[in-house]
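Working notes for the structure below.
The values are calculated or read from the model by the stated rules, or taken from the named source; none is laboratory data. The model shown is predicted, which means the values in this text are computed figures rather than measured ones. Cβ atoms come from the backbone with ideal geometry, glycine included; neighbour counts cover every protein chain shown.
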Amino acid sequence: MKTISKPKIGIVDTTFSTVDMGAMALDELKKNYPQIKVLRHTVPGFKDLAVECQRLLKNEKCDIALALGMVGGAPIDTQCAHEASLGIQMAKMNAGKHILEVFVHMNESERADGSIDEADLLALTQDRTRKHVHNAVWLVCDPDKLIKRAGTGRRQGRQDVGGIKS
Amino acid sequence: MKTISKPKIGIVDTTFSTVDMGAMALDELKKNYPQIKVLRHTVPGFKDLAVECQRLLKNEKCDIALALGMVGGAPIDTQCAHEASLGIQMAKMNAGKHILEVFVHMNESERADGSIDEADLLALTQDRTRKHVHNAVWLVCDPDKLIKRAGTGRRQGRQDVGGIKS
Amino acid sequence: MKTISKPKIGIVDTTFSTVDMGAMALDELKKNYPQIKVLRHTVPGFKDLAVECQRLLKNEKCDIALALGMVGGAPIDTQCAHEASLGIQMAKMNAGKHILEVFVHMNESERADGSIDEADLLALTQDRTRKHVHNAVWLVCDPDKLIKRAGTGRRQGRQDVGGIKS
Amino acid sequence: MKTISKPKIGIVDTTFSTVDMGAMALDELKKNYPQIKVLRHTVPGFKDLAVECQRLLKNEKCDIALALGMVGGAPIDTQCAHEASLGIQMAKMNAGKHILEVFVHMNESERADGSIDEADLLALTQDRTRKHVHNAVWLVCDPDKLIKRAGTGRRQGRQDVGGIKS
Amino acid sequence: MKTISKPKIGIVDTTFSTVDMGAMALDELKKNYPQIKVLRHTVPGFKDLAVECQRLLKNEKCDIALALGMVGGAPIDTQCAHEASLGIQMAKMNAGKHILEVFVHMNESERADGSIDEADLLALTQDRTRKHVHNAVWLVCDPDKLIKRAGTGRRQGRQDVGGIKS
């Protein structure tokens with residue numbers, strides 16, 4: 001795999017999300033990788049992420065894209081996330097490039113009474129989005145970093161679980 | 001992303017729907033964006049929306065399409081909506097353009113006794129269809145408007161939920 | 001959308017079905033549109049419909065196809081219908097033409113005791129197949145007819161439910 | 001549909017299956033259609049059938065393929081069969097040719113106590129595999145035979161249910 | 001099927017997995033087939049496996065790939081595995097080559113109290129990964145070996161179940 005010295009990263013988020021995920025990704029990129037070129041777009045909902053990422057990868061020559069979406073808590077939302085996710089698989093295959101799917105499900109932060117713990121949702125979204133920014137950069141610029149982390153139980157959004165000691 | 005000065009929008013709705021969604025979309029477009037060219041077609045059911053949108057995007061050179069469908073309340077209808085939605089993902093990827101999926105599920109307006117609240121269904125359909133008309137125009141003509149709305153919890157059909165204050 | 005003056009319609013049905021759906025479609029076409037060219041093929045089961053329709057649309061230059069299938073009543077049959085239906089979406093996208101999916105689920109005619117009401121199943125199949133023949137013709141020859149019916153709650157197999165009065 | 005005088009049939013089965021389905025298909029072909037050319041491959045599991053069939057249809061110029069697989073009885077196996085089946089739909093669309101999916105679900109032969117009736121499973125597999133060999137030959141060499149059987153309730157694996165008398 | 005004398009195998013695993021599956025595959029290859037060229041990459045999660053495998057097959061000219069992933073125990077993980085698996089089907093069809101999907105579901109090693117038996121998970125992962133390495137080699141270098149094993153109830157991860165005696 002050829003590593004790319006001057007990569008261009010596409011970031012796509014949604015107006016549906018209750019958290020500005022695109023701003024988080026931009027901030028993490030600027031702080032850590034100020035030399036990397038970034039294109040940031042926003043679409044209405046997560047079903048619109050796939051084709052926008054494909055456009056960034058194919059028309060705008062981005063090397064990788066981050067698809068940032070938030071999923072509602074109703075059963076129909078889970079089905080919609082499934083459709084969005086399959087669209088992202090199609091887009092990856094068409095472009096022959098990676099799209100990191102950064103989806104936060106609102107019910108990951110659901111309290112026992114069914115209400116949403118907004119502080120937890122925000123922290124979860126921060127952690128997942130920012131960690132995947134590094135994954136994206138490593139995929140295009142430093143793949144060996146990922147090989148060293150193989151099988152180490154990495155998690156985005158929550159704490160790493162670590163690898164099983166054999 | 002290049003913005004398009006003289007866009008052409010495709011609208012496709014169905015004979016299955018109990019509401020004339022295409023007329024709503026046309027009305028919203030004419031009132032707000034009289035200069036935009038529109039092509040409006042109708043297909044039998046929502047499974048027919050995807051290929052008709054693809055035809056509008058590829059053969060008729062539309063810049064974006066709205067797929068307007070109503071989904072019945074039985075479990076099999078939910079599966080059919082899933083198939084229709086995956087077809088729309090395929091169509092987007094083939095055309096490399098956006099198709100906004102504007103689906104109204106009849107059971108969104110279901111009363112406790114299982115009957116449909118038709119006034120609510122109508123209002124819901126109006127709100128979702130008309131708001132997505134603006135999303136479609138912004139996607140092709142004014143993408144910065146969407147970036148400003150990123151992470152602000154926008155909803156179509158119901159009231160916006162707003163963003164989480166951090 | 002250019003209308004086609006001398007259309008060619010493909011009809012595909014199955015040996016699995018307990019009703020000769022292809023014969024119904026042929027009969028409706030001959031009675032109402034004797035000038036239209038028809039190609040009729042039969043495949044073993046409904047999972048074979050998609051590729052046969054694609055062959056008719058791409059190799060035999062049909063303008064539209066009807067995929068006529070009957071779905072058994074077991075849960076696995078519902079999953080199989082889902083696969084068949086996604087295959088049909090793929091075929092439409094590849095051909096860039098419509099395929100009307102005319103599926104009858106045996107459990108639509110199930111009595112309270114779980115047995116099948118064959119007379120109802122037959123009537124349902126007749127109504128759904130024959131109405132979709134007209135939809136197919138209108139799609140290729142007279143699309144304005146469909147626009148006039150937009151949002152009017154049309155059903156195939158059962159009575160139309162009509163539009164909501166606003 | 002042009003019929004093919006000297007067809008070439010691809011047979012793919014699995015090492016996962018507890019029954020040698022490929023041998024059954026070969027035997028049925030040799031007994032009934034000794035003149036037909038056959039290519040037989042084996043893959044590890046049913047998820048590998050689709051791409052092997054595609055290779056036979058596209059690279060080896062087979063006219064049709066049989067995808068012979070056995071599905072375990074756990075819920076996850078049903079999901080895996082679904083994925084395998086969608087892969088087969090993709091392969092058909094890419095090749096523009098038929099692949100007959102001959103899947104036997106182990107729980108079709110489950111006794112009330114949850115154990116598998118191996119004799120029944122074997123008989124079921126024989127019947128389904130051998131009948132589909134004829135369907136494959138008819139599809140490429142004698143499509144009229146299938147049209148004559150349209151709507152007659154044919155089943156593979158169990159007895160035909162017959163058509164509804166109208 | 002032409003066998004390949006100097007094959008090149010792609011191995012892709014994840015940082016999500018709690019076991020270094022890539023290392024297991026590499027070890028099995030080196031011990032048994034030291035002459036085979038190997039390319040090993042690591043991606044963040046199992047949804048990223050498909051496009052990386054496609055890249056190895058299409059851009060890096062690998063003859064076959066192993067997609068090594070671990071699936072968490074929550075219901076949403078099962079849906080995600082489904083999406084990852086469909087992506088792998090797409091990648092195979094695009095490349096026209098095999099990708100062996102080696103997925104370990106954490107709940108395969110779940111104790112009655114819901115905790116994970118890590119020793120069992122490790123053994124299961126070893127067995128499944130190493131056996132599939134041989135399947136991959138046989139598919140490209142020695143397909144007759146697989147034909148001889150047709151219908152013999154082979155399992156990866158657990159003991160073979162064997163074929164049904166007829």
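Considering only residues that are surrounded by fewer than 24 Cβ atoms within 10 Å (Cβ to Cβ) and either under 16 Å from A:His98 (Cα atoms) or without any contact (Cβ under 8 Å) to a residue 24 or more places away in the chain (or both), which ones fall in the range E:1-19?
Correct list: E:Lys2 only.
Out of all the residues in the range B:104-143, which are within 14 Å of the chain's Cα centre (by Cα) and within 14 Å of B:Arg158 (Cβ to Cβ)? Give the steps one after another, and end with the answer.
Let us first name the residues in the range B:104-143 that are within 14 Å of the chain's Cα centre (by Cα), namely B:104-105, B:124-139.
B:Val104, B:His105, B:Leu124, B:Thr125, B:Gln126, B:Asp127, B:Arg128, B:Thr129, B:Arg130, B:Lys131, B:His132, listed by residue number.
Looking at D:Asp120, D:Asp127, D:Asp144, D:Asp160 in this structure, which one is assigned to a loop (DSSP other than H, G, I, E, B), surrounded by fewer than 20 Cβ atoms within 10 Å (Cβ to Cβ) and more than 7 Å from chain C (Cβ to nearest Cβ)?
Working: D:Asp120 fails: assigned to a loop (DSSP other than H, G, I, E, B); D:Asp127 fails: assigned to a loop (DSSP other than H, G, I, E, B); D:Asp144 fails: assigned to a loop (DSSP other than H, G, I, E, B).
Matching residue, one of D:Asp120, D:Asp127, D:Asp144, D:Asp160: D:Asp160.
Among the residues that make up the range D:83-103, is at least one of them of a type in the set (S, T, N, Q), within 11 Å of another protein chain (Cβ to nearest Cβ) and within 14 Å of the chain's Cα centre (by Cα)? Write out each step before concluding.
If we filter the range D:83-103 for residues that are of a type in the set (S, T, N, Q), which is where we start, we get D:85, D:89, D:94.
From the residues that got through so far, the ones that are within 11 Å of another protein chain (Cβ to nearest Cβ) too are D:85, D:89, D:94.
Pick out the ones that are also within 14 Å of the chain's Cα centre (by Cα) and you get D:85, D:89.
Yes, the conditions are met somewhere in the range D:83-103.
Considering (1) crowded, with 19+ Cβ neighbours inside 10 Å; (2) out of contact with any helix residue (DSSP H, G or I) (no Cβ under 9 Å at 6 or more places or on another chain); (3) among the acidic types (Asp, Glu), say which one B:Glu83 fails and leave the rest.
All conditions are met except number (2).
Could you tell me which residue of the range B:28-45 is farthest from B:Cys141 (Cα to Cα), considering only residues that are in a helix (DSSP H, G or I) and touching a residue at least 24 places away in the same chain (Cβ under 8 Å)?
Narrowing the range B:28-45 to residues in a helix (DSSP H, G or I): B:28-32.
Now drop any that are not touching a residue at least 24 places away in the same chain (Cβ under 8 Å), which leaves B:28-29, B:32.
Working: B:Glu28: 16, B:Leu29: 13, B:Asn32: 13 Å.
Ranking the candidates gives B:Glu28 first.
Has the range D:57-79 got any residue that is in a helix (DSSP H, G or I), in contact with a helix residue (DSSP H, G or I) (Cβ under 6 Å, 6 or more places away or on another chain) and buried (at least 22 other Cβ atoms within 10 Å of the Cβ)?
Yes, because at least one residue in the range D:57-79 is in a helix (DSSP H, G or I), in contact with a helix residue (DSSP H, G or I) (Cβ under 6 Å, 6 or more places away or on another chain) and buried (at least 22 other Cβ atoms within 10 Å of the Cβ).
Out of E:Gly96, E:Gly73, I need the residue that is small (Gly, Ala, Ser) and at pLDDT below 95. Which one?
When all the criteria are applied, what remains is E:Gly73.
Yes or no: the range A:32-54 includes at least one residue that is hydroxyl-bearing (Ser, Thr, Tyr), over 14 Å from the mean Cα position of the chain (by Cα) and closer than 24 Å to E:Thr78 by Cα.
Filtering the range A:32-54 down to residues hydroxyl-bearing (Ser, Thr, Tyr) leaves A:33, A:42.
Restricting the remaining residues to those that are over 14 Å from the mean Cα position of the chain (by Cα) gives A:33.
If we keep only those that are closer than 24 Å to E:Thr78 by Cα too, we end up with none.
For the range A:32-54, residues hydroxyl-bearing (Ser, Thr, Tyr), over 14 Å from the mean Cα position of the chain (by Cα) and closer than 24 Å to E:Thr78 by Cα: absent.
Give the range C:106-133 a look and list any residue that's without any contact (Cβ under 8 Å) to a residue 60 or more places away in the chain, over 25 Å from C:Pro75 (Cβ atoms) and among the charged types (D, E, K, R), or say none.
Within the range C:106-133, C:Asp127, C:Lys131 meet the criteria.
Filter the range D:94-105 down to the residues that are free of Cβ contacts under 8 Å to residues at least 40 places away in the same chain and assigned to a helix (DSSP H, G or I) and list them by number.
Residues satisfying the conditions do not exist here.
Taking the range C:147-157, which residues are under 25 Å from C:Pro7 (Cβ atoms) and part of a loop (DSSP other than H, G, I, E, B)?
We begin by selecting, within the range C:147-157, every residue under 25 Å from C:Pro7 (Cβ atoms); these are C:147-150, C:152, C:154-157.
Listed by number, the residues that qualify are C:Arg149, C:Ala150, C:Thr152, C:Arg154, C:Arg155, C:Gln156, C:Gly157.
Pairs, please: C-beta under 7 Å, at least 6 apart or cross-chain, first residue closer than 16 Å to D:Val140 by Cα and in the range D:46-65, second basic (Lys, Arg)?
Pairs found: D:Leu57/D:Lys97; D:Lys61/D:Lys8; D:Cys62/D:Lys8; D:Asp63/D:Lys8; D:Asp63/D:Lys97; D:Ile64/D:Lys97.
Would you check which residues across the range B:1-55 are at the interface with another protein chain (Cβ under 7 Å from one of its Cβ atoms), more than 24 Å from C:Arg155 (Cα to Cα) and either among the acidic types (Asp, Glu) or touching a helix residue (DSSP H, G or I) at 6+ places or on another chain (Cβ under 8 Å) (or both) and list them?
B:Met1, B:Gln54
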